[in-house]
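Here the structure is laid out as structure tokens; the discussion comes afterwards.
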Amino acid sequence: MSSPISTDPDRSLVLACQDTPDVGFQGAFRALYERYKDRVYNVCFRITGNATDALDASQETFGILFRKVREFRFESKFSSWVYRIAVNASIDLMRRSSSKAPVSLEALQGDASGDGSRLDIRDEQTEVPMAAASRHELEAEIQQAITRLSPKMRAITVLRYVECLSYEAIAETLSISLGTVKSRLSRAHAALDRELTPVLDRHHLR
């Protein structure tokens, strides 16, 4: 069996950061940043539910990566480590902000139509305005349903259905067993089914 260090697609970029002297480190790290900036922001946005907190969590994630990438030893895939940091940063920020008012649907609609959203499945330039508006409304309602999940179920839902990670990758990312992954996803399915059934009916998607 191949070791993680030989199969990790980020190996060369990570090693470039680890082997580069301080004077050139920022340039080497930028390549990693460019590869992961959209994925990290997307995870943070889907977990926190709004663009402001997603940006804060993303900045915290890359701050940690910047400081600790030289300590990474390929005991897991680098992407799993990045996602773990992003999930933890998002959940920690939510806990610190737990006294804030809930995010409104209007705010979610505004955020979901921004550059950070990757639930888009078509090029808007090919859609008539009414269809695009309806799709953004649906995306916002789905995002609102996700934000009503508990932080742990929210994170696992985002990793599975937004980032399309396998059960094994989720288990590695969150440092939990496959059984726990399946159990949390099952509970998330049930909760989202209750939330989204009327939404899908309203949009004639059932």
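The values are calculated or read from the model by the stated rules, or taken from the named source; none is laboratory data. Not measured: the values here are computed from a predicted model. Using ideal geometry, Cβ is built from the backbone for each residue, glycine included, and neighbour counts are taken over all protein chains shown.
For the structure I just gave you, tell me whether residue 64 is aliphatic (A, V, I, L, M), surrounded by fewer than 18 Cβ atoms within 10 Å (Cβ to Cβ), touching a residue at least 24 places away in the same chain (Cβ under 8 Å) and part of a helix (DSSP H, G or I).
On the way: aliphatic (A, V, I, L, M): yes; surrounded by fewer than 18 Cβ atoms within 10 Å (Cβ to Cβ): yes; touching a residue at least 24 places away in the same chain (Cβ under 8 Å): yes; part of a helix (DSSP H, G or I): yes.
Against the criterion (aliphatic (A, V, I, L, M), surrounded by fewer than 18 Cβ atoms within 10 Å (Cβ to Cβ), touching a residue at least 24 places away in the same chain (Cβ under 8 Å) and part of a helix (DSSP H, G or I)), residue 64 qualifies.
May I ask you to list the residues in the stretch 160-202 that are surrounded by 14 or more Cβ atoms within 10 Å (Cβ to Cβ) and outside any helix (DSSP H, G or I)? Answer for the stretch 160-202, where residues must be surrounded by 14 or more Cβ atoms within 10 Å (Cβ to Cβ) and outside any helix (DSSP H, G or I): 163, 165, 176.
Just for the stretch 1-60: of the residues that are of a type in the set (Gly, Ala, Ser) and not in a helix (DSSP H, G or I), which one is surrounded by the fewest Cβ atoms within 10 Å (Cβ to Cβ)? Per the stated criteria, the residue is 2.
Taking the stretch 143-152 as the region of interest, how many residues are surrounded by 19 or more Cβ atoms within 10 Å (Cβ to Cβ) and of a type in the set (A, V, I, L, M, F, W, C)? Show your work before the answer.
The initial filter retains those residues of the stretch 143-152 that are surrounded by 19 or more Cβ atoms within 10 Å (Cβ to Cβ), namely 143-144, 146, 149.
Cutting the leftovers down to of a type in the set (A, V, I, L, M, F, W, C) gives us 146, 149.
Number satisfying all stated conditions: 2.
Comparison of 110, 116, 63 shows that the only residue that is at pLDDT below 90 and closer than 20 Å to residue 30 by Cβ is 116. Pull up the stretch 67-95, narrow it to residues that are basic (Lys, Arg), assigned to a helix (DSSP H, G or I) and within 23 Å of residue 24 (Cα to Cα), then point me to the one that is farthest from the chain's Cα centre (by Cα). Restricting to residues being basic (Lys, Arg), assigned to a helix (DSSP H, G or I) and within 23 Å of residue 24 (Cα to Cα), the top hit is 70.
Taking the stretch 15-26 as the region of interest, how many residues are of a type outside the set (S, T, N, Q) and at pLDDT 90 or above? Lay out the reasoning, then the answer.
If we filter the stretch 15-26 for residues that are of a type outside the set (S, T, N, Q), which is where we start, we get 15-17, 19, 21-25.
Remaining after also requiring at pLDDT 90 or above: 15-17, 19, 25.
Matching residues across the stretch 15-26 total 5.
Please find, among 177, 166, the residue that is under 22 Å from residue 79 (Cβ atoms), polar (S, T, N, Q) and under 19 Å from the mean Cα position of the chain (by Cα). On inspection, the qualifying residue turns out to be 166.
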